[in-house]
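Here the structure comes first, spelled out in structure tokens, and everything after it is commentary.
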Amino acid sequence: MQIPAELVQKYNRPGPRYTSYPPAPHFRAGFSPKQVVALLQADNQRPDPEPLSLYVHLPFCHTLCYYCGCHMIVTHRPEKIARYLDYLTREIALVSQWVAPGRPVVQLHWGGGTPTYLSPDQIVALMKALRQHFDFAPDAEIGIEADPRRLTRAHLEAAREAGFNRISFGVQDLDPAVQQAINRVQPYEQVATVTRWARELGFESISYDLIYGLPYQHLTQFERTIRQVIALGPDRISLFSYAHVPWKKKHQRLIREEWLPRPAEKLQLFLRAVELLTTEGGYRYIGMDHFARPDDPLSRALDEGTLQRNFQGYSTHGGTELYAFGISAISQLRHAYVQNVLKLSEYYAALDNGQVPVGKGYVLTPEDQLRRYVIMSLMCHFRLSIPEVEQRFGIDFERHFADALAQLREMEDDGLVACTTQSISVTETGRFFVRNVAMAFDAYLSTTADRPLYSQTV
Ligand SMILES: C[S@@+](CC[C@H](N)C(=O)[O-])C[C@H]1O[C@@H](n2cnc3c(N)ncnc32)[C@H](O)[C@@H]1O
Ligand code: SF4
């Protein structure tokens, strides 16, 4: 698969990734714990609440990767991690009391930071707490993010024992010079070993995170990284664009600007990686940085129009409601988003008072709900049925979205979308630009000057 470079240049502008709509910068402070409880109760008192997804944020890491944009804390103090796990368990117990009995959990994800920085025993104990308070569906997708460095086979055995069936490894780049510059040295052999262990232990899906645009990345070396990745054969690959935001993440100043590839070089890295993954690698591009093998359930869900999307990216499972635990974690309720506080001290203080540790939140208006439906349909199914939207929301689509449809015309000329009176379809090439398509329906972009809040596509 080849994407025309001029299209990437043309559409490469800052925009949200639409893991939520409205995007997180629009969440508001001043949400009270009482309000959160009322929302949770209302959602769970519906006659037939849909299955649930869960997310657990484990922020701790052993060392700092200079590029890191995640909400993480570097620590070498085991008691700090033990204390957090204690409070996390309290939060899980607190929230679970409002969940409708028997409501099944179909998806659970542990992200970070580095969830595998926990000891094998801590992994098993935390999962036990989750299972005590929630009912897991037998075929639930249970995933963990793992850092290949310092990962032992005992960690992976513990994760399997706890019921994890998918794992994603932070790989980023396999070139020694790049690894030095980002303070993350993990030789190819180490990645190969943990991948082999994960296979032997029966993880159903193994995924790699890669980043392009890192310091000292050059085309030839990056090609080698991609070919090494193809040889190791993960089921899925996330290919992220390096977001360099030193004004927000101060430690990124440790990466000097002159070490970074220039925009044109970064674009070449991206285009070449896509080409290699989809030709030599045989991967399919799913959407928004995600690649999967053709026989992977994600590929099948793409064909069947059943892909889902939430804060963890694309999945085959997972309803739209997600309860998230730990600092900074974002829950997606039926008509609201709730983000936990960012600081450990605030998190502990709230839970000591027996309150949910809410920091920010947002309740969707009916107009937000409509636009969220349109945007998520485009992001997940790459197709929107206009009569279905009209029926569901009681609107005249063409009148309601006249501005958006006008914006889509240029994308139609560029071959990114196909519009009829009945539907909007995102083309195969258009899937690379799906966030530009979605942006046409985002009411917040046109009313605020907040585009620099977001990173560019490439
Ligand atoms: C929480 S980490 C994954 C687990 C573990 N901490 C690790 O690094 O191996 C999530 C992923 O986000 C990506 N990431 C982190 N900072 C980024 C940035 N500034 N730009 C793009 N991707 C980034 C990396 O690919 C990383 O693997
Ligand atoms: S990339 Fe992963 S291991 Fe590195 S600092 Fe960020 S969260 Fe921690």
Q) What ³J(HN,Hα) values, in whole Hz, does the Karplus curve 6.51 cos²θ - 1.76 cosθ + 1.60 give for region 409-426 when θ = phi - 60°, with x put for Gly and Pro? A) 4, 5, 5, 5, 4, 7, x, 8, 9, 10, 10, 10, 6, 9, 7, 10, 10, 8
(Q) Per-residue counts of other Cβ atoms within 10 Å, averaged by peptide: what ranking do you get for 215-222, 258-265, highest first? (A) 215-222, 258-265
Q | Inter-site label distance for residue 185 and residue 425 at 7 Å from Cα along Cβ, in nm | A | 5.3 nm
Q) Dipole magnitude of the chain about its Cα centre, charges +1 at Lys/Arg Cβ and -1 at Asp/Glu Cβ only, in debye to the nearest 20? A) 1260 debye
Q | Tail weight of P(r) past 33 Å, computed on alpha-carbon pairs of region 20-323, percent | A | 26 percent
Q. Which ³J(HN,Hα) values, rounded to whole Hz and listed in residue order, are derived for region 40-50 from phi using the Karplus coefficients 6.51, -1.76 and 1.60 in 6.51 cos²θ - 1.76 cosθ + 1.60 with θ = phi - 60°, glycine and proline given as x?
A. 4, 5, 4, 5, 7, 8, 4, x, 9, x, 6
Q | Square roots of 5 times each gyration tensor eigenvalue, C-alpha, region 16-165, largest first, Å | A | 27, 21, 15
Q: Could you run the Karplus curve 6.51 cos²θ - 1.76 cosθ + 1.60 with θ = phi - 60° over region 85-96 and give me ³J(HN,Hα) per residue in whole Hz, x for Gly and Pro?
A: 5, 4, 5, 4, 4, 5, 5, 4, 5, 4, 5, 4
Q.
Name the residue from 208, 361, 438 whose Cα lies farthest towards the positive end of the charge dipole of the chain, charges +1 on Cβ of Lys and Arg and -1 on Cβ of Asp and Glu.
A. 361
Q: Divide by every residue of the chain the summed helix terms, -39500 (n - 2.57) for each DSSP H run of at least 4, and state the resulting mean residue ellipticity at 222 nm, rounded to the nearest 500 deg cm²/dmol.
A: -11500 deg cm²/dmol
**Q.** Sorted peptide list for 25-36, 189-200, criterion being average Cβ within 10 angstrom, highest first
**A.** 189-200, 25-36
Q: Report, please, the projected area of region 357-458 averaged over directions, based on the convex hull of its C-alpha atoms, in nm².
A: 7.9 nm²
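Taken together, the values in this text are just the output of simple stated rules run on the coordinates, not laboratory data. Computed from a predicted model, the values in this text were never measured in an experiment. All Cβ positions, even for glycine, are placed from backbone atoms using ideal geometry, and neighbour counts span all protein chains on display.
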